[in-house]
Amino acid sequence: MFTDPSHDRRRSRRPFPRRPARLLSGIAAAALATALVPLATTGAADGSTASPERLLPYQDPSLPTQERVDDLLGRMTLAEKVGQMAQAERLDVAADPSLITTYGLGSVLSGGGSVPTPNTPGAWADMVDEFQQAALDTPLGIPLLYGVDSVHGHGNLQGATVFPHNIGLGATRDPQLLEKVGHITAMETRASGPQWTFAPCICVARDDRWGRTYESFGESPKLVRSLETVIDGLQGKPGHLGDNDRVLATAKHYAGDGLTAWDTGEGDYTLDQGIDQVSREEFDRVALSPYPDAVTKHHVGSVMPSFSSVDWTGDGLGNPVKMHASHELLTDVLKGQLGFDGFVISDWRAIHQIPGDYATQVETSVNAGVDMFMEPRTEGQTDWQDFVGTLTQLVEDGRVTQARIDDAVSRILTAKFELGLFEHPMTDRTHLGDIGSKAHRAVARRAVSESQVLLRNRRHTLPLKAKKQRVYVAGSNADSIGNQAGGWTLTWQGGSTNVVPGQTVLDGIRATARRKVTFSETASTPVPRHAAGVVVVGETPYAEGFGDVGGPQWGYDPGDNGVPRPAKTMQLSDADRAAVQKVCARTTSCTVLVVSGRPMILPASLRRQVDALVASWLPGSEGGGVADVLFGRRPFTGRLPVSWPRSVAQEPINVGDAGYDPLYPFGWGLRTR
């Protein structure tokens, strides 16, 4: 089906009440009880463990991985195999890690904002190791995979380096920098325990109204492919996945999550988790295009399907098929035509969107090609324990073959062997002290500088003259590190009041300017004579469907600290517009920085007042990188990764469209120096 490779969650993050663990079925319990003890050891006089009396083939690191996988698979019961295919959330097992042992769980994850107390690198490592020990206590001692959303650095961890989100990295057009960003992210993630990240998102965002636009490198498949070097940074070169500074990467969301239609025909927008109403040719050219390189060139270890569906008729009248249910896309194309030999991990409870009862949902998705199932506990809903029982019964009833189970488990075990978990299951804390280090933050600051796109520079307003000009700063996003970090930072949705170590844009300006800097968020403080104005405006944080323009999609919005937020509009707030108007009217020059996850609409009446306009995206923790280009320490080199529309009515607008007439075209970016 994929014809030309050269062509260009919803996740609830609140803790849930625990319920008593259910007992394994009699057949599963008996299988676990009679499993072979893999390694006989004898106690030494000093209390340590002496050399093993015998080494089974799967325990022998000198053997080829495939031989070890085959040996271990041959020793596993059905219960042990099904357990490897199940993934729980940390809250599901934190109070009773022995559940990992009892069920032989293959994986645990931290959802966005699901963290240990305290939220420190050491506490993370201790938590993962406790869960790991529970996995090692199983008869075969199969280690656990721990996954986390390190989507712009290890954002869940307080103190980690927080990089710009992908849309900003797309503006850099710098593959070598992306590899460094991936490497630092991997180092900080693995040093704190997790060995697996659900990143990168290699979607191609084709409608800026989508709430996940900032998770995309841009609207061009060619641009997205060029920046898949981040996978190399995360995983290292082939054969180095087991190094203590690398993690298993996940290419997501396969496929077409950035190509969903605005309206299903029922008058309800469904951009996030919606339907691709396209021809097969268009789907191949845009949605599938990033995956051949991710698989064959960068050897990505896991793939996560999209929540979205595809309607091949393209008219909205067909029979949409969920990605998690598509045998054609997951097995025939991904594993067949593209030769993907890693494993497929479902998104957060995504199989529940497949039609039918739970048994049908599990049967459909397993047979379609999903290998591991992210089934966290949700009050009143089925979860990973139900998944284990349901899949076991489906195999016993012949609805899922043993061969399909063996294929899935072989893929999962291969990743664990290649990560070196059988030899070194516990966290290697060598790089614990490097988390959030000065060197790492320097790379993040460089990424911020390279991501800044100079859209307008009338009368050579920029760079500002640090020694000669007073600076007057205003705007809602000038002094909010929570806003500039965006979603997926400490919490799933992010938050304006979230604080991570780093510099706000205002901090960076104050540290760089040699003359007095005056700050007034609403521009209510008098402007000093001959001051240059800088107004930092934009969006507040969001993630996934809550960022859909016109949202929230699911009928509620968790808001910031429980305070509901208005629906997203791609328009500047009244307060930001007023700040721009006041500052531009009173200063010698007026520079506007837009801190956002996508282009914002700038009315002509407002643009006429602005001398310099900069797309700053979501820069993360290093606001000093913005100041570096404002004051000429580094040149502006960024280029638009998406087209900047004149109005929301132009969406979707992408380079190559008929009648293409954006305010600023794809690739636009003025230079300084």
What length, rounded to one decimal in nm, is gained on full extension from residue 514 through to residue 54, with 0.36 nm per residue of separation minus their alpha-carbon distance? 158.6 nm
Vicinal HN-Hα couplings computed from phi for the range 519-525 (Karplus, 6.51 cos²θ - 1.76 cosθ + 1.60; Hz; Gly/Pro x): 10, 8, 3, 9, 6, 8, 6
Give, as a single signed number, the net charge of other residues whose beta carbon lies under 9 Å from the beta carbon of residue 56, with Lys and Arg counted +1 and Asp and Glu -1. 0
Please identify the GluC sites (Glu not before Pro) of the range 342-405 that satisfy two criteria: DSSP loop assignment and at most 14 other Cβ atoms within 10 Å. Which are they? 379
Under-5 Å amide H pairs with residue 109, H placed in peptide plane, nonlocal only: 88, 89, 90, 147
Mind listing the long-range amide H neighbours of residue 248? Cut-off is under 5 Å, sequence gap 5 or more, other chains count too, H placed in the peptide plane at 1.01 Å from N. 196, 197
Calculated from DSSP helices alone, with each H run of at least 4 adding -39500 (n - 2.57) and the total divided by the residues of the chain, [θ]222 nm to the nearest 500 comes to -8000 deg cm²/dmol
With 0.36 nm assigned to each residue of separation and the Cα-Cα distance removed, residue 393 to residue 281 gains 36.4 nm
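Please figure out what share of the DSSP beta bridges in the chain is antiparallel and state it in percent, rounded to the nearest 5.
Given both bridge residues lie in the chain, the antiparallel proportion sits at roughly 20 percent.
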Along the range 241-251, Karplus-curve 3J(HN,Hα) (6.51, -1.76, 1.60; θ = phi - 60°) to the nearest Hz, with x for Gly and Pro, reads 4, x, 5, 6, 10, 10, 9, 6, 9, 10, 7
Please arrange 280, 510, 206 by counting, for each residue, the other beta carbons lying within 10 Å of its beta carbon, fewest first. 280, 510, 206
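Give the calculated FRET efficiency between residue 649 and residue 67 to the nearest 0.05, with a Förster radius of 56 Å applied to their Cβ-Cβ distance.
Step by step, r from the Cβ atoms, then E = 0.40.
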Spatial separation of Cα centroids for the range 611-673 and the range 460-508, in angstrom: 17
Tell me which residues come under 5 Å, amide H to amide H, from residue 531 once H is placed; ignore anything under 5 positions away on its chain. 588
Taking the chain and a Cβ-Cβ threshold of 4.7 Å, the cysteines left without a partner are 201, 203
Just subtract the alpha-carbon distance of residue 530 and residue 459 from 0.36 nm times their residue separation and send over the number in nm, one decimal. 24.0 nm
Between their Cα atoms, which of 180/438; 252/416; 222/252; 468/516; 467/516 are more than 18 Å away from each other? 252/416
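Only the coordinates and a few stated rules stand behind these numbers; no lab work does. Being a predicted model, the structure only gives us computed values, none of them experimental. So basically every Cβ, Gly included, is an ideal-geometry build from the backbone, and we count neighbours across all protein chains shown.
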